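Values in this text are rule-based calculations from the coordinates and carry no lab data. Computed from a predicted model, the values in this text were never measured in an experiment. Every residue, glycine as well, gets a Cβ built from its backbone with ideal geometry; the counts of neighbours run over all protein chains shown.
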C-alpha cells in the first residue's frame, strides 16, 4: 500500500523538479511543497475540517489516499475490503496519470532548458 502510494509521488516530484529547471530557485519551492502536501493529505488534520478549496486539492494528493487506507486497515472497518480496493484503484490511477504527465512535461522542459542554455 505504501509503495503504491509512492508511485504517484514520483510523478509529482518529477513535475516539481521540472518546474525547478524553469524557475531556478529550488529552496523556496521544495521547502514549501512537503508541508503543503502533508497539510492537505489529512496527516495533521482531518480533510473534512479544511476549507473547501483545500479539500478539492486534497483529492488530487496521493498521500490522502494512503492515509485513508491506513485508517481503514487500522480500524478494520472494512469487512469486504471494497473501500480499501477503491482507495488502491485511485492510487493506481494517480500513479499512471502523474507519471504520464511528468513524462510529457520533462521532454518540453528539457528542450526549453537546452535552448536557453545554462546561466
Degrees, to the nearest 10: 2-23 long Cα axis against longest axis of the chain: 30
Alpha carbon convex hull of the chain, projected area averaged over orientations, nm²: 8.3
Pop a pseudo-label 7 angstrom from the Cα along the beta-carbon direction at both residue 24 and residue 82 and give the gap in nm to one decimal. 5.6
Helix 82-116: inclination vs the chain longest Cα principal axis, degrees, rounded to 10, gives 0
Mean residue ellipticity at 222 nm from the helices of the chain, using -39,500 (n - 2.57) per DSSP H segment of n ≥ 4 over the full residue count, to the nearest 500 deg cm²/dmol? -26500 deg cm²/dmol
In percent, what relative contact order does region 2-114 have, based on Cα pairs under 8 Å that are 6 or more apart in sequence? 46
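Determine the gain in length on full extension of the stretch residue 54-residue 75; use 0.36 nm per residue of separation and subtract their C-alpha separation, reporting nm with one decimal.
Details: separation 21, 0.36 × 21 = 7.56 nm, distance 2.55 nm.
That works out to 5.0 nm of additional length.
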